[in-house]
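Here the structure is laid out as structure tokens; the discussion comes afterwards.
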Amino acid sequence: MAEAVLFTLTNDILKLAGSNIFSKIQLARGARDDLNRLKYTVKTIQTMLLDAEKKQWNSEQVKLWLMRLKDVLYDAQDLLDDVATEDLRRKVAPGNKMSKAVRLFFSKSNQLAQPYKVAKRIHEIRKKLDWIAKDRDFRLEEHRIEATVAIVRRRTTDSFVRKEEIIGRQSDEREIIKSLLDSSSEESVSIVSIVGMGGLGKTTLARLAYNDDKVRNYFELKMWVCVSDVFDRDFLIKEILKSAREDIDKKREGELPELLRKVLDGKKYLLVLDDLWNEDRGKWSELQSLLMDGSLGSKILVTTRNQSVLEAIGTKSGIFDLKVLPKDKSWDLFKKTVLGDGKEPLNQKLEEIGQDIVKKCAGVPLAIKTIGNLLYAKREKEWLYFKDREFSKIDTLNPEIMEVLKISYDHLQPGLKHCFAYCALFPKDYVFDKETMIQLWMAQGFIESLDENEELEEIGDDYVSDLLRGSFLEVEEVNPYTGKVEMFKMHDLMHDLALKVAGNECKMVNLNKGSLNEDTRHASFALQPFSSLQEVTSLLEAANLRTFVSLEERSYVEKFSPNKCHQIFSKFRHCRMLKLNYENFCIPSSLGSQLKQLRFLEICENNSIKSLPDSIADLLNLQTLKISRCEELKALPKDLRKLINLRHLGINNCESLGSLSCLSELSSLRTLSLRSLNALDFDPLQQSSTTRPFFPSLESLILASCRKVKGWWRRRQVRRRQVMIAYQKHQSNNSRLFFPKLRFVDIKDYPSLNFVPPFPQVEYLEIDNITMLEQQFLANPNHPSAPFSKLKHLHLRYGSLEPILETLLRLANNLESMRLYNCNLKGLFHGMQHLSSLQELDIRSCEGLNLVCQEDEQGIQWQFLTKLRGLKIANYNDWEALPEWIRHATNLQSLEISYCRKLRSLPEWIKNFSLLEEPVIYDCPRFNR
């Protein structure tokens, strides 16, 4: 990882040192020459990093040289970053005239930036770099910077559809499904096990079986829990109940075992315990005793690497010992991966090279896919180089899978290496939220833009896609409507690889076994309940942390005085990312002056704080601010508009928060999430000045459960239609649009919200009160102001849709998905001819909806739905047969019908749908299969 770290550092140093900041200030004599020489030395070192990265694994001398270099580059980055921060402070200071800024920069009160001190530190760092560059008894080859820095951009569409393409496991899949459906066991609950080494595809097979239609229809209840290497009965009970969709937030822990018994009692259930490592028979018995009340035919499906686990759980039958793929199937998988969707066969030379490579992957699917992805779209010359130079180091008879994966890691671009290794901060089987991880990578400077017009979040999204394509990450959850990956995981072997390449740079610390040293820059902490924070801070003495993450949902620590908190925070002065989940831990008033380099701040589960210090508004580098579950928090800092780099703001479950600073003028804000702020009694989005743009950069807006909020402005006792007309008048007199970039809108449980203003760029709109939307049409029925032409995904709940449906569908003629839940609606037939782009339609519990229209028996309106791929219909008790109009949706691929009590059968013409998979029909008691 050293090379990846150093590339990030050298790029950032060159960017900072080459900026116009230093041209604006008067450096001390000689400092500008030192700065220029520093840039030259950094550029020279950068050309040697790629070769040093490869040689460090076999040379302690090279590894030590890289460590020394890294320390000095971190010092250089910190210094230049501090100077850049002072320049930011000048920009946001009132009356920021240049002469005043220069005086402020070099004032005695600014100890950091006095010209002599800055010059002295630049000189010291430059001398150290010169010495390190020369002080080596080994040769390093130079490489062009462009060859090592540029990220290969392989853009894909947003619809990342993840359907596992399994080769060589079809018979295993059939046998596992057969065992799950077998009811011949004398025990009401029996165990089926999949055992095998890492990388063989145990979890993938379990997922295939879990999602099989026959399995889905056979079991009344299905649950999936990832166990991993820590077997904790109470934790597993919670996870099983969550998977069963039980609300346990208000339950005491002692009540949960009995609740689990009740949930399972008399039900035929399937429980998957993925990645089980426990070998303690006693621990298993404690959990098993709660799982035995299911009805006959219930199954527990276990995946494990260890045969001893099977002995602990006492299973002797239903064991599937997964083997490596045979030679022919290994080759088929490799070809499928390396050719992608291409139909052209490999030429004879490539086939010979490929066969040798596959042989060394030893039949392990993960290794085959990883190497196949690496060689995708490469030329014969590159295949040959890879085989002769990289794979020649691996013994054919005793292959080390980790070495195979390490080769693939070596071929990642530096930015991707850094992002991958950073994942080692989190435990095995951790489910990563994609947006949060991109924000963390941004905070550390891992994501770099070569095009100033391209947003860092978009580049980060490409990084995730590249790591997914290379099998370094695995898709965990995809948005069913947008097709975008939202959550991902790491395979255990890939997590082992991340730990290996991260070394001491990234460490997970458990106070019982773990320590930090001066090489550690990123640390996560798994504290036990009621841990002493003093134990944690004692570990920080030797570290220069840039990441501090608390992994636990909530940790109880002793209460510290403000002075003590100030001392603790002084140890975080180089932090770019800080996440605190500590009850009773105060936030010092000096936070903003102590952590000037902070980019990501998250404070949660802290009921002791009632306000946050105003100095948070001085965190001028801050990109992400998240505050959640701080139930006593009543006020935020007053002047958040000073946070000119803030891009993401989330405030959730702070039930006492009664006021917010004006947010609309945060010029860089891209995402805003406000949830469960039930004490908030006025508009959080209020604009303080009509001369400034209203959320100029905002792209995503989520508002949920802020029940006292009355409207978008501080208006009282005003009719909704009058508010809308006033809004339109304001727009006509104002050259700047409100929400000019907003694409994603989700508003739930805002019963007093008057209306929603038009969003000119919206692509995803979800609202649970149609009345809000109605005002746009009623204010000006002939020319409604809602520009829905870019809308792709529309989800509506609750309210009467009848008055506006036809106009809405005419305006939203580019819709790709539409969900209608609990809407008052008579029919869908007027306006459907406009939805020629519709791909997904989901209709549930719409009172009074007649899906069989006498006026349109032939389904003329539906003939335009040529792109409809998925149809879901639920809760129609009078429905006995499918309406005739469905026969026009000949490209239908999935059909799901539920809770239709009178539905008896499917029509014969449904067999003509050549693309349709097996229809999913459940909770239809009269349906005859």
remark   = Exactly one of R37, R29 is open to solvent by 10 Å² or more (accessible area, probe 1.4 Å), of a type in the set (D, E, K, R) and either outside any helix (DSSP H, G or I) or at pLDDT below 85 (or both), and that residue is R29
task = Scan the range 705-713 and give yes if some residue there is closer than 25 Å to K610 by Cβ, touching a strand residue (DSSP E or B) at 6+ places or on another chain (Cβ under 7 Å), open to solvent by less than 10 Å² (accessible area, probe 1.4 Å) and modelled with pLDDT of 80 or more, otherwise no.
result = yes
message = Exactly one condition in (1) surrounded by fewer than 17 Cβ atoms within 10 Å (Cβ to Cβ); (2) out of contact with any Pro (no Cβ under 9 Å at 6 or more places or on another chain) is false for N875; which is it?
response = (1)
request  = Within the range 293-312, track down each residue that is under 26 Å from G201 (Cβ atoms) and either assigned to a strand (DSSP E or B) or of a type in the set (S, T, Y) (or both).
outcome  = S298, K299, I300, L301, V302, T303, T304, S308
request  = Name every residue in the range 207-236 that is within 25 Å of the chain's Cα centre (by Cα) and part of a helix (DSSP H, G or I), in order of residue number.
outcome  = R207, L208, Y210, F235, L236
ask   = Of the residues that make up the range 905-925, is at least one among the aromatic types (F, W, Y), surrounded by fewer than 16 Cβ atoms within 10 Å (Cβ to Cβ) and free of Cβ contacts under 8 Å to residues at least 40 places away in the same chain?
value = yes
Count - residues of the range 593-607 that are within 26 Å of the chain's Cα centre (by Cα), within 11 Å of E583 (Cβ to Cβ) and assigned to a loop (DSSP other than H, G, I, E, B) = 2
query = What pairs can you find where one residue is in the range 509-531 and among the acidic types (D, E) and surrounded by 13 or more Cβ atoms within 10 Å (Cβ to Cβ), the other is in a loop (DSSP other than H, G, I, E, B) and modelled with pLDDT of 80 or more, and their Cβ atoms are less than 6 Å apart, with a gap of 6+ or different chains?
reply = D519/N504
query = Is it the case that D496 is surrounded by fewer than 18 Cβ atoms within 10 Å (Cβ to Cβ) and in contact (Cβ under 8 Å) with a residue 60 or more places away in the chain?
reply = yes
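A quick yes/no check of all residues on (1) touching a residue at least 60 places away in the same chain (Cβ under 8 Å); (2) open to solvent by 20 Å² or more (accessible area, probe 1.4 Å):
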| residue | (1), (2) |
| --- | --- |
| M437 | no, no |
| D461 | no, yes |
| F472 | yes, no |
| V475 | yes, no |
ask   = When you go through (1) within 17 Å of D768 (Cβ to Cβ); (2) open to solvent by less than 10 Å² (accessible area, probe 1.4 Å) one by one for A812, which number turns out not to apply?
value = (1)
message = Please pick out the residue among L66, L88 that is in a helix (DSSP H, G or I), at pLDDT 85 or above and not aromatic (F, W, Y).
response = L66
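Against the definition (open to solvent by 20 Å² or more (accessible area, probe 1.4 Å) and part of a loop (DSSP other than H, G, I, E, B)), how does S449 come out, yes or no? Write out each step before concluding.
Details: open to solvent by 20 Å² or more (accessible area, probe 1.4 Å): yes; part of a loop (DSSP other than H, G, I, E, B): yes.
When the stated conditions are applied, S449 passes them.
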request  = Assess whether I651 counts as being at pLDDT 90 or above, more than 27 Å from L80 (Cα to Cα) and aliphatic (A, V, I, L, M).
outcome  = yes
key: Filter result for V102 (surrounded by 13 or more Cβ atoms within 10 Å (Cβ to Cβ), β-branched (V, I, T), assigned to a helix (DSSP H, G or I) and modelled with pLDDT under 70)   = yes
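Does A76 qualify as being at pLDDT below 85, within 32 Å of the chain's Cα centre (by Cα), over 20 Å from F138 (Cα atoms) and among the small types (G, A, S)? Before the answer, list the steps.
Values: at pLDDT below 85: no; within 32 Å of the chain's Cα centre (by Cα): yes; over 20 Å from F138 (Cα atoms): yes; among the small types (G, A, S): yes.
Judged against the criteria, A76 is not a match.
Results for (1) part of a loop (DSSP other than H, G, I, E, B); (2) at pLDDT 80 or above; (3) closer than 22 Å to L273 by Cβ, shown as yes or no for each residue.
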residue: N110; (1), (2), (3): yes, no, no
residue: K120; (1), (2), (3): no, yes, no
residue: R126; (1), (2), (3): no, yes, no
residue: D137; (1), (2), (3): yes, no, no
residue: V152; (1), (2), (3): yes, no, no
residue: T157; (1), (2), (3): yes, no, no
residue: F160; (1), (2), (3): yes, no, no
residue: K178; (1), (2), (3): no, yes, yes
residue: L205; (1), (2), (3): no, yes, yes
Output for the range 906-925, where each listed residue is under 16 Å from N217 (Cα atoms) and out of contact with any Cys (no Cβ under 9 Å at 6 or more places or on another chain) = E917, E918, P919, V920, Y922, P925
message = Suppose we filter Y409, Y430 for residues that are of a type outside the set (G, A, S) and either farther than 23 Å from T204 by Cβ or open to solvent by 30 Å² or more (accessible area, probe 1.4 Å) (or both); which single one remains?
response = Y430
remark   = How many residues of the range 260-292 are part of a loop (DSSP other than H, G, I, E, B) and open to solvent by 60 Å² or more (accessible area, probe 1.4 Å)? The answer is 6
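The values are calculated or read from the model by the stated rules, or taken from the named source; none is laboratory data. Because the structure is a prediction, the values reported are computed rather than measured. Please note: Cβ atoms are built from the backbone with ideal geometry, for glycine as well, and neighbour counts cover all protein chains shown. Side chains are part of the model used for accessible areas, which takes the heavy atoms of the whole protein and leaves out ligands, DNA and RNA. Shrake-Rupley method; radii C 1.70, N 1.55, O 1.52, S 1.80 Å.
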